[in-house]
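The values are calculated or read from the model by the stated rules, or taken from the named source; none is laboratory data. All figures in this text were calculated on a predicted structure; none of them were measured in a lab. Reconstructed Cβ throughout: ideal geometry from the backbone, glycine too, with neighbour counts over all protein chains shown. All accessible areas refer to the heavy atoms of the entire protein, side chains included, with ligands and DNA or RNA removed. Shrake-Rupley method; radii C 1.70, N 1.55, O 1.52, S 1.80 Å.
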Amino acid sequence: MGNQVIKNKEKDVILKVENLKISFKTQQGILHAIRGIDFELYRGETLAIVGESGSGKSVTARAIMGLLAGNANHESGSIMYQGQDLMLIPEEEFHRIRGTKIAMIFQDPMSSLNPIMRVGKQITETLVLKMKISKASAKQKALELMREVGIPEPEKRYHQYPFQFSGGMRQRIVIAIALANNAEILICDEPTTALDVTIQAQILELINKIKKERNLSVIFITHDLGVVANMADRALVMYAGKVVEYGTTNEIFYNPKHPYTWALLASMPNLDTTTDRLDAIPGTPPNLINPPVGDAFSLRNKYALQIDFEVEPPLFKVSDTHYAATWLLHPDAPKVNPPKAVLDIMKKGGTLNEQ
Amino acid sequence: MNSKKKSVIDYNHKVLEVRNLKQYFKVGVGNRRMTVKAIDGISFDIYKREVFGLVGESGCGKTTTGRTIIKIYNATDGTIKYNGRIIGAGLQGDKQRIRELKQNRKLEIIQQNPLKKKIYELKQKAKSDIHVLNDDINKIRVQTEVEVNKLKAKPAEFSNVLELALHRYETEKNQVLRERKIKLDRISENDIKDAINMYNKTINVIKRKTVDKSKYIKSLQVNKEEIEEAIEEIKTTEVENLNVAKEKLLKTIESLDPKLVSVYEKQVTSNNPVKYVAHVDLKSEIVKNKIKEIEDYYEKVLVKLKSDYDVELNEISKNKPDKQELKNSINELKANAKQKIKAIQDKINKIKQETKAQILQVKQDAKKEPNKFLVNQSEIDKVKNKYKKLIQEAKEVLREHRYLNKIKETPKEKRARLQKMEELKEAYQKKIVGLSPEAAAREKEAYENEIRKLNESIPNYANTMSTMQMVFQDPIASLNPRMIVKDIISEGLIVRGERDSKLINEKVNKILDIVGLTPDHATRYPHEFSGGQRQRIGIARALITNPDFVIADEPISALDVSIQAQILNLLSDLKNELGLTILFIAHDLSVVKYFCDRIAVMYFGKIVEMASSEELFKNPLHPYTKSLLSAIPQPDPIYEANRSRVVYNPSIHNYTIDKPELVEITPGHFIYANNEELAKYKEELGIK
């Protein structure tokens, strides 16, 4: 699956986010949605961004796509792509990148398609506008794309409306639209959350297949850790607008270090869960209008130390590819054991963990 | 897992019995009118304090099942028994039964009448024969139509191919033309720039040289007049030269791009003598050559394209369908079909005539030998009596179901109640004879109590259904945004007839406490809460009437990850504390495995497999269950790397002859299969 970590190959950074801070002006005050995140996307890899709603994963994706809402304020930082800073270039310039170089699949296939436009037109629209090819050849290309994403009888389906498609088929159309202009970065914002398990499996397989065929770099946003394990080469755990832990998928699952990652792994039952009660995360995520002092997760964290409430932890290095922002990794911190459910998952990693 | 939980399942007490439940929806109008079988005959039991899970994809009917049980819809067929009382019954089956009984009665009566029996048999035989033949006719018609359509589509296909070829040719040609234009543009642009640069340089040179010459002449010690004459001459030559240069430049530009001349004319204003004219000339020559080169190249490309296209056209037109030929073959096909159909229709007519003749014959025989065709009237009366009773019973059941469905007292129940009241009254009247006034008053009170109890036991919606509650999927859509939390939660109590506002407040506060909210939340509106808290309000609303049985319709699928675990924990706590029985509808198999005692897997309105959760995950038998299980992603990269998805293909089942049903393969493990499959599954499990 997606776990071939690009270790030996030279890592080719295609997109680099540095110290990005974005806030929104709301009636209640200034909401700090992203509070300084850094990451790199390598060519041909799948990077998963995990977190609950409000952690800033979708805002990150929208910032990369240049689709931030009008009340957004870019405080600092940069998104470097092909030597330009995507946060600074004017809208006219962005037209050349959005859709043609960086494409996006949205969460809800029901609302991201135009209900009164035939799907064929929705696919060819971008081809005609951006690639400047004639309508007839755009149709041929669209039919090819529909075949590629696995829609049976594309000639017939081409002339149908979105309501005549099932959820999975609609998501396939959305993927076809995203692929139309041969983008090299694909951002998937929870593409399977609204779908059934079996359809989800099909869509994930489709994304993996297309990624391999076209050598795409994928940013995959989700809150389902099972999907992360399936799809990602590397994973980024976000909480309250910050990256709390990142590393390769194996490191995140078999050697997690941050209490929030532990809590995420332990809170949902998997097929091997036998405990009576789940280790639910108490409370709700903090309000980012007044972000808490110190570690944002400390209020819901049963492993919180005194220092967590006072000073924000820096990213501690675990290995070359694995970093976590928790004081527990400080040499002076007391040793704690992760919850049992996490230990169970770590055990499955077994030998991999020791390496 | 069950043993660890505090609440123990009572397997002797069935809370809910669902039998052969069907729910059909009629959709569409006119020709598109069709029946959607949302639930197609499912049966299951739910025991006291059990969590029963319904799993399936969207559209498999799990939500419809929940809603039919709580009577948001009326069932089409089947019965739902709740705590021993039928609360929902579909009438389709009852009506069907009455129809069948009438049909059977007719058949049995005919059996007793030899003449009618004979005629009936003859007619039946003719009917079945004609039916087969009619099928043949339909087959031929359909087949012919398909073939004719194929033939008819040929010209369109051909023109499509032609169009495609033309389109391809034109796109390529346009591409080439565009490229040529771009290249030519580039040349002329660069060369115009070069020419202007050169012009500017040369006029500078000319000017400088004029000045130099003037200086030189001035420096010569000759008389003033001569000097002036010489300078005058130099200046005129300069002007001439500059003019020549300008003209040359303009000519060059014109040769490159005539449209630009006027633009550059304005820029080129100075006039000075020139020496570089030849250079510009040369330059223009080079440009001309280049242009020629490019044009020649693209001319060749275009010619090649054209020739290729011609070749392709030739190739294509070889396959051009001949219209006359097509017409002929279509006519031939149609004629053939007509002939065949005619033959079959002749056969049908023949059969009809034969049957008619036979019937006539039989009738004549009956006239000739009346003894052989005696009608057994006594037997017929017996049959009639038998069926009269049966049909009356069936009608009684139908009537009863009709009342039960509306949760009303059935006539039977009413009769029983009135009788009971009568008895009580008699007993009371006998008792009070010769009693002291105090004793009589006591007796009267007791009697009135009894009567009130009886009257209260008349079933209605409030007292039958209030112990059954539902938690909905979407916590945002299922709460009225204009009502405060207290009103939302207490609505159930008010519907039941509770009017004491103090008691209501007390109960609301208590229930808010139970679900993990605080009493001061009661006066807020739903939008002031987060998703998890809203779902808690939904649960509180369900619990306020003290239910025994809760239908949880995907209560966590619309919630955030970190909140889902909180709600699951809350539900399992409540289950243990209040002894709830839960019907848990979900699509997330990991959650269902964790939370439920027994699980039913639904596929297109049918239960395909039902077992305890451990058994189902250990020994999944039905291919659909296997495919569902193989689709769940797990937070375990190694497992994920090795997981391969099983695809379920419903066409592997051959149910044409051997009809399937839900059978118990091992104790507690039900599977939807026919005999052949059952044997296979048994082999899989290793039992004989």
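Grab the beta carbon distance between residue B:102 and residue B:402, set R0 = 22 Å, and tell me the FRET efficiency rounded to 0.05.
Efficiency at R0 = 22 Å is approximately 0.70.
Considering only DSSP beta bridges where both residues belong to chain A, give the percentage that are antiparallel (nearest 5).
Approximately 65 percent, going by the DSSP bridge assignments.
What is the set of long-range amide H partners of residue B:524 at a cut-off below 5 Å, with H atoms built 1.01 Å from backbone N?
Hits under the 5 Å cutoff: B:485, B:486.
Would you please give the FRET efficiency between residue B:185 and residue B:644, computed as 1/(1 + (r/R0)^6) with r the Cβ-Cβ distance and R0 = 45 Å, to the nearest 0.05?
Once rounded, the FRET efficiency stands at 0.20.
Please compare each pair in A:135/B:150; B:95/B:384; B:117/B:350 to a cut-off of 26 Å on the Cα-Cα distance and tell me which ones are over it.
Too far apart for the 26 Å limit: A:135/B:150.
I'd like the accessible area for residue A:284: 1.4 Å probe, protein heavy atoms, all chains in place, Å² to the nearest 10.
70
Taking R0 as 60 Å, what's the FRET efficiency between residue B:8 and residue A:18 from their Cβ-Cβ distance, rounded to 0.05?
Efficiency computed from Cβ-Cβ geometry: 0.55.
In chain A, what percent of the accessible surface is made up of carbon and sulfur (1.4 Å probe, ligands and nucleic acids excluded)?
Taking all protein chains in place, chain A shows 52 percent carbon and sulfur surface.
Expected output is a single nm value to one decimal: the length gained when fully extending between residue B:194 and residue B:460, i.e. 0.36 nm times separation in residues minus the C-alpha distance. What is it?
That pair, residue B:194 and residue B:460, stretches by 85.8 nm at full extension.
Project the alpha carbons of the range A:13-237 onto their principal axes and report the range along each, largest first, in whole Å.
50, 39, 37
Just to make sure I understand: if all protein chains stay in place, what is the order of B:609, B:677 by accessible area at 1.4 Å, largest first?
B:677, B:609
Across the residues of A:50-56, average count of Cβ atoms on other protein chains within 10 Å?
Taking all residues of A:50-56 together, the mean is 3.
Would you mind calculating the gained length between residue B:296 and residue B:423 on full extension (0.36 nm times residue separation, minus the Cα-Cα distance), in nm to one decimal?
Stretched fully, the residue B:296-residue B:423 segment lengthens by 33.9 nm.
Skip the ligands, DNA and RNA, and give the accessible area per residue of the range A:240-354 with a 1.4 Å probe, whole Å².
Per residue, the range A:240-354 has an accessible area of 46 Å².
When the Cα centres of the range A:140-217 and the range B:325-342 are compared, how far apart do they sit, in Å?
Comparing the Cα centres of the range A:140-217 and the range B:325-342, I get a distance of 45 Å.
Rank these residues by their accessible area, most exposed first, probe 1.4 Å: A:12, A:272.
A:272, A:12
Restricting the count to DSSP beta bridges whose residues both fall in chain B, what percent are antiparallel, rounded to a multiple of 5?
65
Starting from the 7 Å offset along Cα-to-Cβ, what nm value, one decimal, do you get for the label separation of residue B:172 and residue A:277?
In this crude label model, residue B:172 to residue A:277 measures out at 7.5 nm.
Cα centroid distance between the range B:556-605 and the range A:270-324, in Å?
Centre-to-centre distance over Cα atoms comes out at 26 Å.
Rounded to the nearest 10 Å², what accessible area does residue A:31 show when all protein chains are kept and the probe is 1.4 Å?
About 50 Å², ignoring ligands and nucleic acids.
Would you tell me the accessible area of residue B:457, worked out with a 1.4 angstrom probe on the heavy atoms of the protein chains, in Å² to the nearest 10?
My reading of the accessible area for residue B:457 is about 70 Å².
Between the range B:218-251 and the range B:465-499, how far is it from one alpha carbon centroid to the other, in angstrom?
Taking the Cα centre of each part, the range B:218-251 and the range B:465-499 sit 106 Å apart.
Convert each backbone phi in the range B:395-411 into a coupling constant with the Karplus relation 6.51 cos²θ - 1.76 cosθ + 1.60 (shift: θ = phi - 60°), then list the ³J(HN,Hα) values in order as whole Hz, x for Gly and Pro.
Using θ = phi - 60°, the values come out as 5, 4, 4, 4, 5, 4, 4, 4, 5, 4, 4, 8, 6, 10, 6, 6, x Hz.
Take the solvent-accessible surface of the protein heavy atoms, probe 1.4 Å, and return the percent of it on the range B:411-458 that carbon and sulfur atoms account for.
C and S fraction of accessible area: 52 percent.
Please give the average number of partner chain Cβ atoms lying within 10 Å of the Cβ of each residue in B:565-573, rounded to a whole number.
That average works out to 4.
For the interface of chains A and B, what total accessible area is buried with a 1.4 Å probe, rounded to the nearest 100 Å²?
Using a 1.4 Å probe, the pair buries roughly 3900 Å².
Helix-only estimate, please: 222 nm mean residue ellipticity of chain A, summing -39500 (n - 2.57) across DSSP H runs of length 4 or more and dividing by its residues, to the nearest 500.
My calculation for chain A gives -8500 deg cm²/dmol from helical runs alone.
Accessible area, 1.4 Å probe, largest first: how do A:159, B:622 sort?
Highest to lowest solvent-accessible surface, that is A:159, B:622.
Accessible area per residue of chain B at 1.4 Å probe, in Å²?
Accessible area per residue, chain B: 60 Å².
Show me the trypsin sites (Lys or Arg not before Pro) within the range A:119-174 that DSSP assigns to loop and that have at most 14 other Cβ atoms within 10 Å of their Cβ.
Loop-located and lightly packed - A:132.
Determine the gain in length on full extension of the stretch residue B:127-residue B:438; use 0.36 nm per residue of separation and subtract their C-alpha separation, reporting nm with one decimal.
Here the segment from residue B:127 to residue B:438 would lengthen by 103.7 nm.
Would you mind giving the mean number of other chain beta-carbons within 10 Å of the Cβ of each residue in B:622-635, as a whole number?
Taking the mean over all residues of the peptide, I get 5.
Which ³J(HN,Hα) values in Hz, rounded to whole numbers, follow from the phi angles of the range A:248-256 under the Karplus curve 6.51 cos²θ - 1.76 cosθ + 1.60, where θ = phi - 60° and Gly and Pro get x?
5, 4, 4, 5, 5, 8, 9, 8, x
Using label points projected 7 Å from each Cα along Cα→Cβ, tell me how many nm separate residue B:338 and residue B:288, to one decimal.
Placing both labels 7 Å beyond Cα along the Cβ direction yields 7.5 nm.
Starting from the Cα of residue A:140, move 7 Å in the Cα-to-Cβ direction to define the label point; list residues of the range A:167-195 whose amide nitrogen is under 18 Å from there.
Hits in the range A:167-195 for residue A:140 at 18 Å: A:180-182.
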